[in-house]
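Everything below concerns the one structure shown next.
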Amino acid sequence: MVYDTGVAWRSSDDYDDRAAGRGPQPGDKFTTVAGPRENDGIPFIRTQPADNIGVWMFLPINSNSGRPIMRPTVDIPTWSTEKRFKVVFPRGVGVRKSNYYADKDKGDDGATATIFPEGHEFTGFAMDGVNDPRTGQDCPQMVRVSGTPLIQYVPIKTQNGDPVCEVLGDVEDKAPGPPPGAPPTGFAPPTGFAPPTGYPGAPQTGYPPQGYPPQGYPPQGYPPQGYPPQTGWGAPTTGYPQGPPPAPAAPPPAPVTVVVNNHDDHDDHRDDRRREERRHRRRERRRDDRDDRRDSDRSDSDDYSSDERDDRRDDRRDYDDRRDDDRRDDYDDRRDDYDDRRDDRRDYDDRRDDRRDYGGGGGDRDTLRSNDEIRVNESIRSRNGRYHCILQSDGNMVVYKNGSQPIWASDTNGRRVGRAIMQGDGNFVVYEDHSDRRPVWDSKTNGRGGRYVIMQDDGNLVMYDDHHRPKWATDSAGGRRGRFGSGSRK
């Protein structure tokens, strides 16, 4: 898998039939027992996920815009040692996705996605390029770039012999071999995948089968000019393994109903309880009046004297007063507790609204102000909804276009991160945890007066000071690829 940001599994050979869950990531390897199949001009391979053996799934070889996604695996030769290289070609060099010269990584707009500028230094392993079997044109030696989990190749010379990269020397204190954690991949066929004896030459008898390839194949822009076909990838293979049908896509999650407390409902409930308490007191007073009238109507022939009657009536009234006082106190306590909880809820809602309006805590806002932060899987989003900046769980902070196309990243994937904060000193920093002790990445703008970072509608993530003067940016305006890993100070 050579696509920089990974690819989703497909349940069938339909490009839009994406399966649920996390798909393969750069450097993942897969085995297929048959050649690819094509649908709507896009070739697919049929394979089984490593964590779900027995279920057949599909992966596109290229994107619908022609960008490389899957390429055959190639090992770094034993004679190659890791060296330091420097780009000397005046216009820089575009990154390839295999050790074939014409296999450039192009964006959706047709331009080269990643370019190493003149003077750029890097480390890597030299290896032979893949020649074009159809034209016989030699491919210059290529360099497999090391020190990055991404699959990247650059040529040492052009096909005309002009120098592109020069060797600066060996990498010291490092044993030869690929970087740890980044399995080498390329575009050379693995052992047992070589073309039949005598190839290039006349095709084998009966090959390719009649009617293949289908009309309109290969798709426009793929393979790139001079691209070598790989043996077994040009026609379907008989005896295609039969297996259980692909697992159906997971159903969409059930909609979540969010209940928002309304302050007016709390006030109405409080008023209803107070009215009920007043009605209860009136009933008590009417009962006391009725008892008084009944006592006053009794004659002197009663079994007890008027003094006794008055004493009993006073006792009854004292009891009623104490009971009413106790009830009233208990009700007042409950009402005070309820009012306190209501005020706490209102304070919480106000703080939540402030965080939504002025940054902090993630959500569909576009700005992080001084001392505001986002945590893992939280993001800020442009007002037009086309661009968002997210702190991913893999350690990388990425700016995406249209939800899936990365146009800038902090290049910190594989690191443990906890939050990204716009500090009061003007520095935009990603920390390893929720303390300020271990920074993973920063914009290097401390002391320059930066006050807030905004995800703009043009795709540029920019830091401004109080006078709206830019202090740092990702240089991804217009949705183009920005300066990965750093950005630029203004």
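Bear in mind that the values in this text are calculations on the coordinates, not laboratory data. Bear in mind the structure is a predicted one, so any value in this text is a computation, not a measurement. Note that we place each Cβ from the backbone using ideal geometry, even for glycine, and neighbour counts take in every protein chain shown.
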Taking θ = phi - 60°, what integer Hz values does the Karplus form 6.51 cos²θ - 1.76 cosθ + 1.60 yield along the range 41-51, in sequence order, with x for Gly and Pro? x, 10, x, 10, 10, 10, 8, 10, x, 5, 9
Net charge (Lys, Arg +1; Asp, Glu -1) of residues whose beta-carbon lies under 9 Å from that of Asp103, Asp103 excluded, is +3
Residue span Arg282 to Arg369: 0.36 nm per residue of separation minus Cα-Cα distance leaves a gain in nm of 25.6 nm
For Gln141, what residues show an amide H to amide H distance below 5 Å, using hydrogens built from the backbone and excluding near sequence neighbours? Gly129, Ile156, Lys157
Amide H contacts of Ser146 (H built 1.01 Å from N, under 5 Å, at least 5 apart or other chain): Thr123, Gly124, Phe125
Give the share of C-alpha pairs in each 5 angstrom bin for the range 389-490, from 0 to the last occupied bin, in whole percents, shortest bins first. 3, 14, 24, 25, 21, 10, 3, 0
Residue by residue through the range 368-380, which ³J(HN,Hα) values in whole Hz follow from phi under the Karplus form 6.51 cos²θ - 1.76 cosθ + 1.60 (θ = phi - 60°), with glycine and proline marked x? 10, 8, 4, 6, 8, 8, 10, 10, 4, 6, 9, 8, 10
Which residues qualify? For Glu38, with a placed amide H closer than 5 Å and at least 5 residues away or on another chain, they are Phe44
Please list, or write none, the lysines whose alpha carbon is within less than 18 Å of the alpha carbon of Lys401, excluding same-chain residues fewer than 8 places away. Lys106
Using alpha-carbon positions, the gyration tensor of the range 1-90 gives root eigenvalues a ≥ b ≥ c; with a/c under 1.5 called rounded, otherwise prolate if a/b exceeds b/c, else oblate, the class is prolate
Partner aspartates and glutamates whose C-alpha sits under 12 Å from that of Lys97, ignoring same-chain residues fewer than 8 away, are Asp4, Asp105
Could you give each residue of the range 418-428 its phi-based ³J(HN,Hα) in whole Hz, using Karplus coefficients 6.51, -1.76, 1.60 with θ = phi - 60°, and x for Gly or Pro? x, 6, 10, 10, 8, 6, x, 7, x, 9, 9
